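Step one of this worksheet: look at the structure below.
The values are calculated or read from the model by the stated rules, or taken from the named source; none is laboratory data. Model, not experiment: these values are computed from the prediction. When we count neighbours, we look across all protein chains shown, and the Cβ atoms used for this are built from the backbone with ideal geometry, even at glycine.
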Amino acid sequence: MTLQDLFLSPIYWGLLFLIMSSYANKLSDATMKKAFMEGFHLHIIGAIGFAVVYNFYYGGGDTTLYYQGSQRIYRAFSNAPTEVWQTLIFGKYAAHDIVGLWGNGMPFYEDDPASYMVIRIAGFLSLFCFNTYLILCFFFATFSFIGSWHFYRVVCDIFPKYKKEMSYGIFYFPSVFFWASGLMKDPLSFGAMCFVVYALYFVFIKGKELLRASLLGVLGIVILLSVKGYILYCLIPAFSVWVFLMYSEKIRSQFLRIAIGPFLLAVFSIGGYYLLMQMIEGTAFDLDNVAKKTKVTADYLRQVSSEGSYYEIGPLDGTLGGMLQYLPKAIFIAIFRPFLWEAVNPVMLLAALENTFIAYLTIKVLSKVFNIRALKLIFSNHFIPFAITFTFIFAFWVGIASSNFGTLVRYKIPFIPFYVCSLYAIIAVTEKMRVRKKVKRRRKKQHQDANIRTQPQELIKPSEFFT
């Protein structure tokens, strides 16, 4: 960070504020308007915090390499603007062409296409902000925020009476607006994931905003496949659950629903699995490759972890079966750890405080769902099983692959809004059931009282007073 960051960043923050305010003023709902503006400012604050922590606490990292790559692109633009545009848009050129444009040593160019995509995007944005590091963080944070806003619109459409509670899980978790606001892959993948969920809901479930949702959905899919494809692959089976529940609910006959339900579940499960296998076949996300890569990643993180930050999941043998035996443990670790006593630095302490709150919400929810009727009501709302399915699939992967609390805290942010919103949703649904029961009991009592008042009273004979 330089004096240029200090001088230009307030100006760009002000410009972004004016743009966001103009949109917020069009919102008629006061709760959503407040969530919009506060969510935007929290992401900008997260970007500033990210820049400060990585520059002055960690002393650099991948974000530094991304910025160095964007610097090369920015400097080359004045010499060869046409070639720079073509390279940014169409991607991979021959190695000698790249060297001629950027110079030797472009980070991630040959060995990590996903990270190089971040450099391409940062390089493009650098042309509009004089290649200022903190402003690049602002741009990435704004993209992440706009994505999360569209996800918020989804949950508000499903739970219109609980907009305030849903905003807590999406905008106010510090680890989310911190890690999803810097010059990294995370803001791009987080925002893109939210765009995909928005598109899936409004195109396939609601049938509204088709053009807008479709365009944002395509943008989200392209970015996810370029940066973190495994997030998209975790969404597919989760959304298959949503579609299954939606179609099975349309069968009005309870007998047919019970008879055909398992068949529909098998069709959607097999169909979703087949689609997923076709998408990942031959890629780095092929299940066999994932299992092998997960073992390598876990072993590497174990070696480089500082004291107190490594956690033991169990011996991995590089096979899918070897991973699946740790499924419950991995999910538990990803959702609830690090605990407060495991925090060894301020970032981990913040994550541990969040995990404590999530554990409290989880216990509160579990105390409400030991009831068949409550479970039935919960599954009648299709968002809840969708969100929980995505959470468990994603938590399993990051819990197995991370092996390090510092890495886990950053990798887990995609599922936090899903899990927290699903908890609030369950609380809302069970509260609704409680209110219904209370109203039903009150009406029953009123009906009984009315019956007593309308029943004819037996006349007492005068002689009975003296017997």
Worksheet item: Say we look at region 130-149 and pick out the residues that are touching a Ser or Thr at 6+ places or on another chain (Cβ under 9 Å) and farther than 28 Å from Lys34 by Cα; which of these is surrounded by the fewest Cβ atoms within 10 Å (Cβ to Cβ)?
Response: Asn131
Item to complete: Scan (1) surrounded by 23 or more Cβ atoms within 10 Å (Cβ to Cβ); (2) out of contact with any Cys (no Cβ under 9 Å at 6 or more places or on another chain); (3) under 30 Å from Tyr360 (Cβ atoms) for the single condition Gly169 breaks and write down its number.
Response: (2)
Worksheet item: Within region 105-120, which residues are among the aliphatic types (A, V, I, L, M) and not in a loop (DSSP other than H, G, I, E, B)?
Response: Ala114, Met117, Val118, Ile119
Worksheet item: Got at least one residue in region 211-222 being surrounded by 14 or more Cβ atoms within 10 Å (Cβ to Cβ), at pLDDT 90 or above and over 18 Å from the mean Cα position of the chain (by Cα)?
Response: yes
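Please list, ordered by residue number, the helices (runs of 4 or more DSSP H) wholly in region 5-91 having 2 or more residues that are among the polar types (S, T, N, Q), at pLDDT below 95 and surrounded by 15 or more Cβ atoms within 10 Å (Cβ to Cβ). First the steps, then the outcome.
Working: elements: 30-52, 62-77, 81-90.
The qualifying helices (runs of 4 or more DSSP H) are 62-77.
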Worksheet, complete the sentence: Reported set for region 328-375 where residues are within 20 Å of the chain's Cα centre (by Cα) and within 16 Å of Phe394 (Cα to Cα) is Ala330, Ile331, Phe332, Ile333, Ala334, Ile335, Phe336, Arg337
Worksheet item: (1) at negative phi; (2) modelled with pLDDT under 90: which one isn't true of Gly103, the others all being true?
Response: (1)
Item to complete: Assess whether Tyr66 counts as being among the aromatic types (Phe, Trp, Tyr), under 22 Å from Leu127 (Cβ atoms), more than 31 Å from the chain's Cα centre (by Cα) and in the same structural domain as Pro174 (by TED's automatic domain parsing).
Response: no
Worksheet item: Looking at region 397-434, which of its residues are in a helix (DSSP H, G or I) and closer than 17 Å to Met193 by Cβ?
Response: Trp397, Val398, Arg410, Tyr411, Phe415, Ile416, Pro417, Phe418, Tyr419, Val420, Cys421, Ser422
Item to complete: Sort out which residues of region 201-210 are of a type in the set (Val, Ile, Thr) and under 17 Å from the mean Cα position of the chain (by Cα), and write them in order of number.
Response: none
Worksheet item: over 20 Å from the mean Cα position of the chain (by Cα), at pLDDT 85 or above and acidic (Asp, Glu), is that true of Asp97?
Response: no
Response to the item:
The number of residues in region 313-368 that are surrounded by fewer than 14 Cβ atoms within 10 Å (Cβ to Cβ), in contact (Cβ under 8 Å) with a residue 60 or more places away in the chain and of a type in the set (Gly, Ala, Ser) is 0
Item to complete: Consider only pairs whose beta carbons are under 7 Å apart and that are at least six residues apart or on different chains; among these, list those whose first residue lies in region 150-162 and is without any contact (Cβ under 8 Å) to a residue 40 or more places away in the chain and more than 20 Å from Met37 (Cβ to Cβ) and whose second residue is among the polar types (S, T, N, Q) and buried (at least 24 other Cβ atoms within 10 Å of the Cβ).
Response: none
